[in-house]
Each structure stands twice: as structure tokens, then as C-alpha cells.
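A quick write-up on the structure given underneath.
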Amino acid sequence: MTKTSLTPDQRAASVEAMQSQTFDVLVIGGGVTGAGIALDAASRGLSTAVVDYQDWAAGTSSRSSRLVHGGLRYLYNLDFKLVAEALKERGRLLTTIAPHLVEAQPFLWPLKTPVVERAYSAVGVGMYDALAVIGAGGRKTVPTQKHLSKKAAIRHFPEVKADALCGAIEFYDARVDDARLVITLVRTAVANGALAASRVSVVRLTKDASGRVTGAVVRDNESGAESTIRARHVIGATGVWTEETQNLAEASGGLKVLASKGIHVLVPRERIRSATGMFLRTEKSVLFIIPWQHYWVIGTTDTAWHAQREHPDPTSADIDYVLAHANEVLDKPLTRDDIIGTYAGLRPLLQPKVLDESKSTKVSREHTVSEVIPGMVAIAGGKLTTYRVMAEDAVDFALGKEAAEATPSPTAGLPLLGADGYDAVVNQSARLGKQYGFDADRMKHLLSRYGSEIGDLLASIDEDPTLAQSLQHAPQFIRAEVSRACTVEGALHLEDIFVSRVRLNSESRDRGGACVDEVAEIAAKALGWEEARTEAEKTNYRARIAAELAAEEQATDAAASAEREKAVDVVGAGMTA
Ligand SMILES: Cc1cc2nc3c(=O)[nH]c(=O)nc-3n(C[C@H](O)[C@H](O)[C@H](O)COP(=O)(O)OP(=O)(O)OC[C@H]3O[C@@H](n4cnc5c(N)ncnc54)[C@H](O)[C@@H]3O)c2cc1C
């Protein structure tokens, strides 16, 4: 186990060590915001602990559109500051923080009317490009917009309906595997000294005689054991669970957050011929058609959500909505049969008013950080793209002005694991591919997931050459990736591998069902599972698949939720790590 690995042993040791000191910062929530805060705090030299009651990224942060973007549509609300901030972060992620995980992506914006719309859109996209260049200190981190005639647009995106556009603008944003970003953030935080444990719930907050929060009582959901973590500052980064977390403080302060559901469908890459994505404005928001190496991600929707928050699922009505909007521009309409995967996420919609306006609060347009009670702050809102700014704001706010100025955040220039030396391994790609028998497609896949850590993955193959083999029913992945999910990336259960690491849960038609035996066999070897445990993990994940497939056939959220809840949660299934 290296200092950057998340494993069951590292987790157990962290849970134990969390009881034996007083931390500067305890972070509740291991989505992108909490993981970012843990890295921010640890890299300032603060003693830091982070826990999540589910797997890392299991909330909204593994269920997004997977874009790192400025948010072109916000320009239409004249939100220049907000867009500029997100574009600055996009530039940092592309160049310094995570160039291996974040990749520039061109999009076509189809124009329906010739002159006025083109002029109007060109100003918007031109401003977008200009803000990005300013944010990067005059450097161009992605190519700037191109105006395309109808003929040129069809050449770029050959399967667009001829009557869906009279021309287009090509502009750039970027894409990222959201869950991988979060897991890499947690690992980088650990490399900077943080203690991290998934499947640990904060169940109560502790206070001193003055009423100041002094830490939290946590429950290890794998063992059921409770313990206390002492901390000078507690930061809640719990997305759509924000109000529940605040309620643990039994105080009047904090943020008000509602949940809104957005869904995506995935179709095979070969189903739509184009290297360019598509950006469409819809009556409610926007629809992205986004190419990845092996599939397209298409979404999203925006509907109020009132059911349980652990397992939002798309309904058949949501899926029909997305298909209908995509088909407005696609020459060969997509059907249900084209879909290989679906997923849904809940946006933490920050409400404009804090619960107690007498408490100190820092409001930015997209995210807000507020004192819940002395010793505890909550942060919510924002987006994946701006996680770093949110994290910096949250830690600054928790520490207070003087302490924050004495220990400023270094994260703007801090590469995540796998980023340092990325260009060099890209240059070595052909040689390494030849050495291990991997073609250019495979090397691209591995480099975009592991960056300069690819050497560690290849070393595991040197030790066990069978790990170089493709998964029998999902040849886009090799066995080493499953093993690494367990020995480095913190998977504790079979579903952790399928949902957030080797993401067959959303990227294959049977949600990875055909791979269950093989993946379980690799995981059992990596994690030392006995046969009974391995069988229980398989049964549990298969029940999840059945429940998810049944849920997406339902017409309403309530019916889909009822189907999904028929599968027992893995930590409730009596399996210990
Ligand atoms: C459909 C959709 C598309 C999106 N697309 C994009 C996009 O393309 N680009 C972009 O930049 N943003 C996008 N976003 C926004 C972005 O995904 C979210 O803003 C972000 O993921 C929120 O992260 P978070 O860490 O605040 O919340 P979460 O990821 O939900 O994390 C909160 C965590 O807190 C944990 N938790 C809760 N209570 C407790 C407790 N008591 N103890 C321990 N842990 C607890 C939960 O388990 C959870 O993991 C999208 C959102 C949606 C819904």
C-alpha cells in the first residue's frame, strides 16, 4: 500500500486514527466539493479528515453531464463574472491540475436563422473565448470559435438533419470522468496527509459548553461501530443532503437546498458519425450530445425531485424527452434500442435565502458558504467545474480572514495525481503500447484514466501478466483496471467498481451483468474475499442491476423509486470490508 492508495486497510487505519487526534478540519461529504475541500485543507498543511456515508462520488458527483465548462448559457443572463470564473478553472484543469482527466472537446451550436442569430451567438461565443483567454493570463487553452456554413457544419457532423440548421458555430469546452476526478482528488488529499474513509456516516455533532461544534460522532457503515472525531472546524459539503447535515447541529443557521433531477442516456460511439459534440438550447435548459471514446452521453433534463436521494433513476418519460430532443437534429433518429445505459443525478439547487440571515455568509452567484453554528460551516451550489474555488472559499471562510491569509490555498497550481509528467508519458505512448501489446486506442484510454500513473498500472501487469487481458465481455477495459480499482482507488464492494471506476453500470447495455463473474473473481483476489463474500457481492450487484432496469421502465419518479428501492443497499446487506 503506497501513501496514495485507498484500500480497505488504509480505510480501517484511517477510521482508527481519526479517533486519536483533534483535526484542524473535518469534512463531511466526499463528492467533488468535499474531496476538493479535503485537498485544499491538507495542502495548506492543516490536519484534515474526510468521510462520506456512501462510496466516494456516489451522490451527484458521479451523475453529471461530465463537462468542465464555463456555462455558455449563463452569458445570456449576462453573468460574466460567473462564466469567467468557471472558464479560468477550466483552463487550470486542462493545463495544470488534471490534463490527463480533462480533455478539450469541440461542440457545434446549430443556427436556425441566418443573420441575426449568427451575429447574436457569435458575440456570445466570442465573449466566452475572450474570457477564457483572459482567465488563462493571455494563453489560449482551447481553440477559439469557428463560423461554419451549412455545408461545413454537415461535414463536421454528418448525421445532422439538413433542415435542422442553416449554419453553425463551433466552440470548445471540455469533458471529464466526474467520479474519477473525485477519487483522484481524495487520493491527492491523502497524499498530502489527509485521512479519508468512505462509508462512514456523520450521525451527530458534538459541542462544548458554549455550544460550539467540536467534532462529530460517526458510524462505520461496514462494521456498525460508532466513534468520535474531534475537530476545530467542521465543514459540511453534502450537496442535496445539506439541510439534513445542518439539522445534526440543532441550530437555526445554514443553507436551503432543493433537489432537481437531470438524466442522461448513452448510445454507442458508432451510432452517430461525428467527432464533434452538439449543443442545443431547449425550452427548459440545454441538451448536450457529447462524444466519448466508446459512446455518446446525451442529456439532460431538469425536473423537481421529492423522493429518496440515494438512488435517483431516469423514468421512461425522461428517456423519451431526451430522445425526442436529440432527434430534432439527428438525421437517423435514435430509438430505445440504441440506448446502452442511463443515469440520473440530483442538482443541489441553492435557494437565494440562508436559513438564518443573522449568521455570516459569503454568497457567490453559484455557491454559498455559511456558518451553521460556531465551529461548523456549510457550502453548497456551484458545479463540478468550480469545485476548487468552492473548496478554497469554504476553507478560507471556516478559518477566518487572518488564519486564511496566513495559510493561503496552493491548489490553483497543484497538479492532481497522474498530472505531473503527463506530457512525457504521452510521448512514450507508442513505445509502451508496443511493449505491452496495446494499440493506440487502448493507450489513449489508459492515458486518459491514469495519466503519468500509467507506469504503476503497467508494473502490476509485469507482476501478473494476466492483468493485461481485456475483460471478456467488455474489451474496452483490461483486468488490471479492475484490480487497481480495488488496490488503489478505494473500491470496497463490487458495485463500487462497476459504478464509479470501471463504469460499466452506465456504459454497457446490461449494466455490466455479463462481466459480474470475471470482475468479482479479480476483486476477490485483490481484496482477499472468501467465496461466501464473493457470492454475496455478486448477488447484491445483480439485484441492483435488476432494480435499475425495472426503474427506468416506470413512468413516474415515485414508481421508479419504489422499483429501485427493492434492491438492498450493499452496506445494509451485512457484508463487512
Ligand atoms: C444532471 C446533472 C448534470 C450536471 N452536469 C454538470 C457538468 O457537466 N459540469 C459541471 O461542472 N457540473 C455539473 N453538474 C453539477 C455538479 O455535478 C454538482 O454541482 C456537484 O457534483 C455537486 O457536488 P457535491 O460534492 O456538492 O455534492 P455530492 O456529489 O452529492 O456529494 C455530497 C456527498 O455528501 C455525502 N453525505 C451526505 N450526508 C452525509 C453524512 N451525514 N455523512 C457523511 N457523508 C454524507 C453524500 O453521500 C455525498 O457523496 C451537474 C449536475 C447534475 C445533477
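The values are calculated or read from the model by the stated rules, or taken from the named source; none is laboratory data. Model, not experiment: these values are computed from the prediction. Note that each Cβ is placed from the backbone with ideal geometry, even for glycine, and that neighbours are counted across all protein chains shown. Accessible surface is based on the protein model in full, side chains and every heavy atom, while ligands, DNA and RNA are left aside. Shrake-Rupley method; radii C 1.70, N 1.55, O 1.52, S 1.80 Å.
3J(HN,Hα) along region 260-269: 10, 8, x, 10, 9, 10, 10, 10, x, 4 Hz, from the Karplus curve 6.51 cos²θ - 1.76 cosθ + 1.60 with θ = phi - 60°, whole Hz, x for Gly and Pro. Just flag the GluC sites (Glu not before Pro) in region 237-306 sitting in loop per DSSP whose Cβ has no more than 10 other Cβ atoms within 10 Å. Sites meeting the loop and neighbour criteria: E283. Close amide H partners of Q54, meaning residues 5 or more places away or on another chain with modelled amide H under 5 Å apart, are R199, V200. In the calculated pair distance distribution of region 141-252, what percentage of Cα-Cα distances lie above 15 Å? It works out to 78 percent of all Cα pairs. Amide H to amide H distances under 5 Å link T214 with T206, K207, D208, where only residues 5 or more positions off or on other chains count and H is placed in the peptide plane.
Here region 453-577 has 51 percent of its accessible surface on carbon and sulfur atoms, given a 1.4 Å probe and all protein chains in place. Scalar couplings 3J(HN,Hα) for region 472-480, obtained by applying the Karplus form with A = 6.51, B = -1.76, C = 1.60 to θ = phi - 60°, are 4, 9, 8, x, 5, 10, 9, 4, 4 Hz; x denotes Gly and Pro.
Pairs of lysine residues in region 311-459 that meet both criteria, 8 or more places apart or on different chains and Cα atoms under 26 Å apart, total 9.
Using the beta-carbon distance between K81 and E310 and R0 = 41 Å, what value does 1/(1 + (r/R0)^6) give for FRET efficiency, to the nearest 0.05?
On the way: r = 35 Å, r/R0 = 0.84.
That gives a FRET efficiency of 0.75.
Using the rule -39500 (n - 2.57) for each DSSP H run of four or more residues, divided by the residues of the chain, the 222 nm mean residue ellipticity is -10500 deg cm²/dmol.
Normalised by residue count, region 266-343 yields a Cα convex hull volume of 99 Å³ per residue.
How about region 59-137: which trypsin sites (Lys or Arg not before Pro) there are in a DSSP loop, with at most 16 other Cβ atoms within 10 Å of their Cβ?
Details: sites: R63, R66, R73, K81, K88, R90, R92, K112, R118; in loops: R63, R66, K112.
Answer in residue order: K112.
Per-residue Karplus couplings for region 387-394, computed as 6.51 cos²θ - 1.76 cosθ + 1.60 with θ equal to phi - 60°, are listed in order as 4, 5, 5, 4, 4, 4, 4, 5 Hz, Gly and Pro entered as x. Accessible surface area normalised per residue over region 244-384 is 38 Å², counting heavy atoms of protein chains with a 1.4 Å rolling probe.
Extension gain for the segment T556 to E283, taken as residue separation times 0.36 nm less the Cα-Cα distance, is 96.2 nm to one decimal.
So how much slack lies between A546 and E357, counting 0.36 nm per residue of separation and subtracting their Cα-Cα distance, in nm? Mind dumping the intermediate values first?
Values: separation 189, 0.36 × 189 = 68.04 nm, distance 4.61 nm.
Here the segment from A546 to E357 would lengthen by 63.4 nm.
Quick check on the chain: of the DSSP beta bridges with both residues there, what percent are antiparallel, nearest 5%?
On the way: 65 of 85 bridges.
Rounded to the nearest five, the antiparallel share is 75 percent.
With each label modelled as a point 7 angstrom along the Cα→C-beta vector, the T539-A130 pair spans 6.5 nm.
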